[in-house]
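The values are calculated or read from the model by the stated rules, or taken from the named source; none is laboratory data. These figures come from a predicted structure and were not determined experimentally. A quick note on method: Cβ atoms are made from the backbone with ideal geometry, for glycine too, and the neighbour counts reach across all protein chains shown.
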Amino acid sequence: MLIGKHVRLAEYEPSFAPFITEWMNDPEYWGPFYNVGTSTQPQWEEALAKSGDDARASFVIKARDDDRPLGTIGYFTPSTLTALFRGLEIWYQVHPAERGRGVATQAAAILVDHLFSAQPHQRLQATVVDGNDGSCHVLERIGMRHEGVLRQIMFLRGEYVDMHLYSIVRDDWKSEADYRTRFDFLDSQ
């Protein structure tokens, strides 16, 4: 289940398109670590209708107490060589009003646990723009290890910047029962 103590991950649905469109066009939502493009509600409605398979999916992070949206999270296959690459890349973005409250940590742990328990992937990874220390802490907290730096891989606000690569492999996760004992915010199933 995609439910923790304080948050749940809701699969995208067309009714989410208005606030998703607003967030995706808001530079404050993205913060200093992403370039902001523009998109329209019809574009998001189309994208949301296609979301959700073994290779990629997106979710809205929602508060369990009042069901308000807190952010977005998802995964995708980072390689075109899927026969060779046996993993997924996770991503997340928390609304600025909700940052610093453990939302990303709880949501990312829920997603990692779900992906290893429900799919036969060997590896999950994430990339973080250099300087985004909060996101690095989230990944370390959920059991990911820093693997290295991807030098000058992303064009951000007029210059090329480095990204950090993190991963967790199935042997680190061990089992759903073991992983859930590491966190007080993952409900036992």
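Condition check ((1) at pLDDT below 80; (2) under 21 Å from Val129 (Cβ atoms); (3) hydroxyl-bearing (Ser, Thr, Tyr)) across all residues:
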{"residue": "Tyr29", "(1), (2), (3)": "no, yes, yes"}
{"residue": "Asn35", "(1), (2), (3)": "no, yes, no"}
{"residue": "Gln41", "(1), (2), (3)": "no, no, no"}
{"residue": "Gly71", "(1), (2), (3)": "no, yes, no"}
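For region 116-132, a residue qualifies if it is among the aliphatic types (A, V, I, L, M), out of contact with any Phe, Trp or Tyr (no Cβ under 6 Å at 6 or more places or on another chain) and modelled with pLDDT of 95 or more, and the qualifying residues are Leu124, Val128. The residues in region 1-60 that are among the hydroxyl-bearing types (Ser, Thr, Tyr) and either assigned to a helix (DSSP H, G or I) or in contact with a Pro (Cβ under 8 Å, 6 or more places away or on another chain) (or both) can be counted, and the count is 3. Scanning region 146-183 for residues that are in contact with a helix residue (DSSP H, G or I) (Cβ under 6 Å, 6 or more places away or on another chain) and either hydroxyl-bearing (Ser, Thr, Tyr) or at pLDDT below 95 (or both) yields Tyr166, Glu176, Tyr179, Phe183.
Within region 154-180, if we keep just the residues that are basic (Lys, Arg) and not in a helix (DSSP H, G or I), the residue that is nearest to Arg123 (Cα to Cα) turns out to be Lys174.
Every condition in (1) crowded, with 18+ Cβ neighbours inside 10 Å; (2) closer than 24 Å to Lys50 by Cβ holds for Ala104 except the one numbered (2).
The set of residues in region 69-94 that are over 27 Å from Asn35 (Cβ atoms) and either among the basic types (Lys, Arg) or within 13 Å of the chain's Cα centre (by Cα) (or both) contains only Arg86.
For Leu186, state whether it is surrounded by fewer than 14 Cβ atoms within 10 Å (Cβ to Cβ) and either closer than 22 Å to Phe59 by Cβ or modelled with pLDDT under 95 (or both). Judged against the criteria, Leu186 is not a match. All told, Gln122 falls short of being among the polar types (S, T, N, Q), in contact with a strand residue (DSSP E or B) (Cβ under 9 Å, 6 or more places away or on another chain) and at positive phi.
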